[in-house]
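Structure, as structure tokens:
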Amino acid sequence: MNPRFAVYPGSFDPVTNGHLDILRRGLVVFDEVRVAVAYNQEKPSGLFTPAERVALLEEVTAQFGGRVSIDSFHGLLIDYCRRSGAGSIIRGLRAVADFEYEFQMTMMNRHLAPDIETVFLMADEQHFYTSSRLVKEVAALGGNVHGLVPSPLEQRLLAKVGRG
Ligand code: ADP
């Protein structure tokens, strides 16, 4: 278990500029970051399939070079960390809304794996209100998602919600 190797888990449905901001900051702190798409095998959900989310992440994180890798997993996050050899978890915090949920998750993960540390990072304030859920809603309702998601993804998001 390497504490300088962190997993950054999430649904990434799809990846947003807020996620990339957190990843960029994570690379300042950690030697290596694995972005891991969490999905539920029994109950498939989301706009993009896990395979599509991984492919999008691979494309837009290529700019960061070899210290970033992309994967997907189902099941317990701490089991995935152990399998991968990662000793740390990265999570992002927005305004106040994320705190309660993140606090609970972190305490539970700490209970299950006291040796794995969760580190919280905050994105730039321009991303404070960006979430995958909102971005999808805005796109579906005809709003402008420019600047919210990486530019190579804009057209694909619009096509996915039937506006392409
Ligand atoms: P979302 O909550 O946008 O659907 P995820 O579940 O994929 O996204 O989020 C993965 C992690 O990234 C979570 O810790 C979440 O709080 C964080 N995150 C997502 N968007 C932002 C953002 N705009 N600023 C900071 N952290 C973020």
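When you check ARG67 against the structure, is it charged (D, E, K, R) and modelled with pLDDT of 95 or more, yes or no? Walk me through how you get there before you give the answer.
Numbers: charged (D, E, K, R): yes; modelled with pLDDT of 95 or more: yes.
It is true that ARG67 is charged (D, E, K, R) and modelled with pLDDT of 95 or more.
Here is a check on your reading of the model: is TYR80 at pLDDT 95 or above, of a type outside the set (A, V, I, L, M), crowded, with 18+ Cβ neighbours inside 10 Å and under 30 Å from ALA159 (Cα atoms)? So TYR80 does not fit the description; no. The set of residues in segment 1-30 that are within 12 Å of the ligand (Cβ to nearest atom) and in a helix (DSSP H, G or I) comprises ASN17, GLY18, HIS19, LEU20, ASP21, ILE22, LEU23, ARG24, ARG25, GLY26.
Among residues belonging to segment 42-68 that are closer than 12 Å to VAL15 by Cα and aliphatic (A, V, I, L, M), point out the one that is surrounded by the most Cβ atoms within 10 Å (Cβ to Cβ). Full working, then the answer.
Within segment 42-68, the first condition is being closer than 12 Å to VAL15 by Cα, and the residues that meet it are 47-48, 50, 52-61.
Subset that is aliphatic (A, V, I, L, M): 47, 54-57, 60.
Numbers: LEU47: 17, VAL54: 20, ALA55: 13, LEU56: 23, LEU57: 26, VAL60: 22.
Checked segment 42-68; the qualifying residue surrounded by the most Cβ atoms within 10 Å (Cβ to Cβ) is LEU57.
Among residues of segment 147-164 that are farther than 21 Å from GLN126 by Cα, those with a beta-carbon under 7 Å from a residue that is among the aromatic types (Phe, Trp, Tyr) at least six positions away or on a different chain give the pairs LYS160/PHE48.
Give the number of residues within segment 34-54 that are within 15 Å of the ligand (Cβ to nearest atom) and not in a loop (DSSP other than H, G, I, E, B). Don't jump to the end; show me each part of the working.
Keep residues of segment 34-54 that are within 15 Å of the ligand (Cβ to nearest atom), which gives 34-40, 45-50, 52-54.
Next cut, not in a loop (DSSP other than H, G, I, E, B) only: 34-38, 50, 52-54.
Total meeting the criteria: 9.
The set of residues in segment 55-69 that are within 13 Å of the ligand (Cβ to nearest atom) and without any contact (Cβ under 8 Å) to a residue 40 or more places away in the chain is empty.
The values are calculated or read from the model by the stated rules, or taken from the named source; none is laboratory data. Remember, it's a predicted structure, so these values are computed and weren't measured experimentally. Methodologically, a virtual Cβ is constructed for each residue, glycine included, from the backbone with ideal geometry; neighbour enumeration extends over all protein chains shown.
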